[in-house]
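Written below as structure tokens is the structure these notes are about.
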Amino acid sequence: MQIPMSAGGRAWRGYFALGGELTSNRPDWKEGQYFGSELGPEHPRVRAGTIPHGANLWPRADPGFRDTVLA
């Protein structure tokens, strides 16, 4: 809940809760976390606001989580 999709912006990154996504206009009964390639703010696609390129969101409470996911 520390990294909600609403904080991910155009990069479409973050956590969504059970029923937080729609499929065919109906709640999708799954929860998940979206990650993508680690692109910095200087990357041309990030600067252009191209969906879904941008920064991943990482929970502050678990600094080892980022390293584990990237490994």
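See the values below:
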item: Members of region 30-54 found to be under 17 Å from Phe16 (Cβ atoms) and of a type outside the set (Phe, Trp, Tyr), listed by number; result: Lys30, Glu31, Gly32, Gln33, Gly36, Ile51, Pro52, Gly54
item: Within region 46-71, considering residues that are more than 16 Å from the chain's Cα centre (by Cα) and aliphatic (A, V, I, L, M), the one nearest to Pro4 (Cα to Cα); result: Ala61
item: Number of positions in region 1-18 that are surrounded by fewer than 15 Cβ atoms within 10 Å (Cβ to Cβ) and either under 21 Å from Arg66 (Cα atoms) or without any contact (Cβ under 8 Å) to a residue 12 or more places away in the chain (or both); result: 8
item: Conditions (1) under 21 Å from Pro4 (Cβ atoms); (2) free of Cβ contacts under 8 Å to residues at least 12 places away in the same chain; (3) among the hydroxyl-bearing types (Ser, Thr, Tyr); number of the one not met by Ser37; result: (2)
item: Yes/no for Glu21 being out of contact with any strand residue (DSSP E or B) (no Cβ under 6 Å at 6 or more places or on another chain) and among the acidic types (Asp, Glu); result: no
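None of the figures in this text is laboratory data; all of them are computed from the coordinates on show. What you see is a predicted model, and the numbers here were worked out from it, not measured in a lab. In this analysis, Cβ positions are derived from the backbone assuming ideal geometry, glycine residues included, and neighbour counts consider all displayed protein chains.
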